[in-house]
Amino acid sequence: MIATDVISGQVKGAPSALPADHIGNGFFGQDILSVRQFDREKLDYIYRVADEMRSLVKRFGKANLLDGKILANLFYEPSTRTSSSFQAAMLRLGGRSISINEVHYSSVTKGESLPDTVRTLESYCDLTVLRHPVTGSAELAARYARKPLINAGDGTGEHPTQALLDIYTVENDLGRLDGLKVAMMGDLKYGRTVHSLTRLLSLYETELYFVSPEILRMPDEILGEVRASGHNYTELRDVDEIIGEIDVLYITRVQKERFEDPAQYDEVKGCYVVDPALMAHAKSDMILMHPLPRVYEIAMEVDDDPRAAYFRQMENGMYIRMALLAAVLGKA
Amino acid sequence: MIATDVISGQVKGAPSALPADHIGNGFFGQDILSVRQFDREKLDYIYRVADEMRSLVKRFGKANLLDGKILANLFYEPSTRTSSSFQAAMLRLGGRSISINEVHYSSVTKGESLPDTVRTLESYCDLTVLRHPVTGSAELAARYARKPLINAGDGTGEHPTQALLDIYTVENDLGRLDGLKVAMMGDLKYGRTVHSLTRLLSLYETELYFVSPEILRMPDEILGEVRASGHNYTELRDVDEIIGEIDVLYITRVQKERFEDPAQYDEVKGCYVVDPALMAHAKSDMILMHPLPRVYEIAMEVDDDPRAAYFRQMENGMYIRMALLAAVLGKA
Amino acid sequence: MIATDVISGQVKGAPSALPADHIGNGFFGQDILSVRQFDREKLDYIYRVADEMRSLVKRFGKANLLDGKILANLFYEPSTRTSSSFQAAMLRLGGRSISINEVHYSSVTKGESLPDTVRTLESYCDLTVLRHPVTGSAELAARYARKPLINAGDGTGEHPTQALLDIYTVENDLGRLDGLKVAMMGDLKYGRTVHSLTRLLSLYETELYFVSPEILRMPDEILGEVRASGHNYTELRDVDEIIGEIDVLYITRVQKERFEDPAQYDEVKGCYVVDPALMAHAKSDMILMHPLPRVYEIAMEVDDDPRAAYFRQMENGMYIRMALLAAVLGKA
């Protein structure tokens, strides 16, 4: 395990004389490992490129920015939606994707190290997307990689493209980020999604509400970062007191696999559910978000509510990933 | 489980003002869920488009009708030939395909519902092909899908593209359907293939022969439909009496996995086999068909017989799927 | 099992009037099953085409030679690097690839024969790459295939594209093959890689050194072939005596899965390791090669040594496969 806050500053694949910081707003040749790489300026740039991607896809189905480029889509643990989203993003940019999903039975099982696997795939491909169950593995792989690497989730560590699509959905649906009241609800302890989103929202003038059972509170480390960024926040056990005021309700599923004791899971699973009765108390222009998959925590009756933004989130994920792929390859 | 004879009439992805029934002979924006959606006119249209696809592939290797389109090829159970055929069809149309074959270990295992999986994939893709082990699942998924969905087999339910490639092979090899004598032989009870083909052949002036052991007879439901369509049929235990008269012999393998009692399987498996001795009694211009995979029920010595049509069937499957993909996306 | 030295001379997919021997230097329509198909002239042709492929990829990312062509990438056992390399090669040629990796749970499990699977895939695709655990299976499949088939490894039999990329790396890095001193070290008994490379090097004026423990000596069959080709060779237990003289050190991992007795494995595994101390005694212009994956047999400290050629080998694998794909389809 290595620290993930040490972000490499090298420009991969760039001629040494090139003023790389000024290409693609500094993304060219970079790895995307952590939301900590992003400030407001970089986020604004990615939102704007994602907007263009949406426009191109709506009109033409694709852009040809990455014609001739190949993505190595390397997944050490299954994630249908993230893998498919990166593949679709690459294909809609005119590039190609090679998926390596079967790493549980591939050369990895012969004992090969992650750095060797990544360097081998780089021999054929132009960049790598990596999903890995071990925290810090994206940073480790990026240290050896000669071409850009995008972290698609490393254990309980980071999943920066998820956080970017989340914040982009807020920006896109509500038109702004400053001045919003955002509530996160459910599993705030184990959900890396809400941790990363909290870090990004702390770059804006947002009011944050953390709604969870006691045993699933937002970790002190994250709360400390929020305070350090100059924000206040409110912790609650119940969303009822604030449901009429908030602009965003972000709900995360209580995942059984995060619990060591199944009884602990059964105790809390039913507490944080969104149904039409709850939505009746919410503002008419708020949005309801969820990283998906959902199981029971949002009733299907809510799906047709225009405030239900979770399938829009999925679509935005493709635009955000198109923006990042194009940016790190210098084509945004 | 839901009824599969309730076919949605909505036009997916169509602007509301569009006279969608007149685009692509009514296929534009439609799901392909069941052979019951097809009448003679619609079948003729699909044959004609498939003919064009064959011509384009033979001359150019591909057509560019679906440039910029992405297929979500979603297989909840393995089927190498069906999956590969749809992928090839999409690629030869200039489109791209994202295969999701690993659903046994994907987000589905986290408890996600089929409608959510399909709606998520639709966020990235332009249409969905679904293979699922549960009868009725294609209809269920299509009810929630906002984009066209093609049923690639749902349990013991429907597998409409298989039936279409079967009947298209007869039409293409023999030049007509009316006036033919068609025998189906082998497992007529569990084989959805012969059920669907029987329904389609009942739209033409065909004479049908059902050759099977008693315990694997064509189900009464199908026989009733044949009678209701105004056709006669003949049930036989042995193909010898008619082998010299028939234009088509369609053989299906007795699949071990369909039997609860292995002894029952061993009893019948050897009874319905085609070898050169049998083919010596058949007409010179008849054709021998099989949905594949075959194991022992057609001797490999028969493969070089020009009447052996089963590998042509495979190729026709690609043209039929190209025709359907183009038709539902309004590009045929 | 069948003999692999009977190489089919038929020209697949060629109009009969075509002087196929003169297209693509005789590769058009051929299967690539064994290194025994290659003489110096054919090797020179493939090196030259691979050089062109490298140049096209470096400048444009791709060539459009195989636009409209589809590869069936059929892997009956996992091999991330070989599968990815063929996929990338096909994509960079402007073609498309359909990967069938899940054959452990596909129609094959329903009892379908390899010839039927290959003929089915050929119905959709323009050529087949086959990886199979059983020796001789590539030759068997090619006998039934109507389109070109490339052997991507069949058990302990052949893996011709690996041998071609190995010898091409020597040629490319050192500028020649005649007059070189080449040492192979490690598992020389079970490693098909070193067997095939030895056969190819025997076409040139090379001096061969075989460095292995007694129980992993180069098989007598291969040694006999080397003598029959008019070459001398030297067998050694230790590389130290020749490290200062050799131009190429090719090391292969001692694979645990090759041993019936794990104790035998533990006894020899540590004996044949390359580290900076060993490299300090090697010539400044020699190269260190490895087929990868490596585990412990080359220390990671060696990776930054410019003589470490193993990641270049990987990249060369793509160019060699591009050359072969284009050649057998008549587009080189």
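Nothing in this text is a laboratory measurement; each read-out follows from the coordinates by a stated rule. Bear in mind that the values here come from a model prediction, so they are computed numbers and not experimental data. Methodologically, a virtual Cβ is constructed for each residue, glycine included, from the backbone with ideal geometry; neighbour enumeration extends over all protein chains shown.
Against chain A, whose longest principal axis is taken from its Cα atoms, helix A:80-92 shows a tilt of about 50°. Between copies, the label points at A:G179 (set 7 angstrom from Cα along Cα-to-Cβ) are spaced 7.9, 7.9 nm, reported in nanometres from shortest to longest.
Can you classify the stretch B:57-174 as rounded, prolate or oblate using the Cα gyration tensor, where a ≥ b ≥ c are the square roots of its eigenvalues, rounded means a/c under 1.5, and otherwise it's prolate if a/b beats b/c and oblate if not? Taking the square roots of the gyration eigenvalues as a ≥ b ≥ c, the stretch B:57-174 is oblate. Distances between equivalent label points of A:S113 across the copies, with each point positioned 7 Å along Cα→Cβ, amount to 4.8, 4.8 nm, shortest listed first. The long axis of helix A:40-60 is offset from the longest Cα principal axis of chain A by roughly 80 degrees. Over chain C, the Kirkwood radius and the radius of gyration, each from Cα atoms, give a ratio Rg/Rh of 0.96.
Once the Cβ-Cβ distance of C:D44 and B:R237 is raised to the sixth power relative to R0 = 60 Å, the FRET efficiency obtained is 0.40.
Magnitude of the charge dipole for the stretch A:161-314, about its Cα centre and with charges confined to Cβ atoms of Lys, Arg (+1) and Asp, Glu (-1), is about 360 debye. Considering only C-alpha atoms, what is the centroid distance from the stretch B:182-196 to the stretch A:138-175, in Å? When both Cα centres are located, 51 Å separates them. Of the residues A:T161, A:T80, A:T198, the one that moves most in a GNM of chain A with alpha-carbon contacts below 10 Å is A:T80. Divide by every residue of chain B the summed helix terms, -39500 (n - 2.57) for each DSSP H run of at least 4, and state the resulting mean residue ellipticity at 222 nm, rounded to the nearest 500 deg cm²/dmol. Taking each H run of at least 4 residues, the total per residue is -10500 deg cm²/dmol. Normalised by the number of residues in chain B, the average gap of Cα pairs under 8 Å and 6 or more apart makes the relative contact order 20 percent. Between B:T135, B:T193, B:T252, the GNM of chain B built on Cα springs shorter than 10 angstrom shows B:T135 fluctuating the most.
Look at the dipole of chain A built from charges on Cβ: of A:S85, A:V248, A:L65, the Cα furthest out on the positive end belongs to A:L65. Modelled label positions at A:R217 and A:D275, each set 7 Å beyond Cα in the direction of Cβ, lie 3.0 nm from each other.
According to the square roots a ≥ b ≥ c of the eigenvalues of the Cα gyration tensor, what is the shape class of the protein assembly as shown, taking rounded for a/c under 1.5, prolate for a/b larger than b/c otherwise, and oblate for the remainder? It comes out oblate by the Cα gyration axes. Under 5 Å between amide hydrogens, built in the peptide plane, is the criterion, and for A:Y209 it picks out A:V182, A:A183, A:M184, A:T234 among residues at least 5 positions away or on other chains.
Seen against the Cα atoms of chain A and their longest principal axis, helix A:192-201 is set at about 90 degrees.
Result for chain A in a Gaussian network model with C-alpha springs under 10 Å: among A:F28, A:F259, A:F75, the largest mean-square fluctuation is at A:F259. Let a ≥ b ≥ c be the square roots of the eigenvalues of the Cα gyration tensor of the stretch C:161-310; is it rounded (a/c under 1.5), or, if not, prolate (a/b larger than b/c) or oblate? Oblate, since a/c reaches 1.5 and b/c is not below a/b.
Residue-wise HN-Hα couplings along the stretch B:209-223, as the Karplus relation 6.51 cos²θ - 1.76 cosθ + 1.60 with θ = phi - 60° gives them from phi, are 10, 10, 10, 7, x, 3, 6, 10, 4, 4, x, 4, 4, 5, 4 Hz; Gly and Pro carry x. Which one, C:Y45, C:S137, B:L174, projects farthest toward the positive side of the charge dipole computed for the protein assembly as shown from Cβ point charges (K/R +1, D/E -1)? Value: C:Y45.
Averaged over the residues of C:287-293, the number of partner chain Cβ atoms lying within 10 Å of the residue Cβ comes to 3. The mean number of Cβ atoms from other chains found within 10 Å of a Cβ in peptide C:83-91 is 6, as a whole number. For the residue pairs B:K62/B:K331; A:K69/C:K58; A:K58/A:K283; A:K62/A:K331; A:K181/A:K256; A:K62/C:K69, the C-alpha atoms sit more than 19 angstrom apart in A:K58/A:K283; A:K181/A:K256; A:K62/C:K69. Projecting label points 7 angstrom from Cα along Cα→Cβ for C:F60 and C:Q264 puts them 5.2 nm apart.
Distance between the 7 Å Cα→Cβ label points at B:N25 and B:V134: 3.4 nm. When +1 charges are put on Lys and Arg Cβ atoms and -1 charges on Asp and Glu Cβ atoms, the dipole computed for the protein assembly as shown relative to its Cα centre reaches about 2780 debye.
Within 10 Å of the Cβ of each residue in B:112-118, the mean number of Cβ atoms contributed by other protein chains is 4. For chain A, the Cβ-based charge dipole about the Cα centre amounts to some 1560 debye (Lys, Arg positive; Asp, Glu negative; other atoms uncharged).
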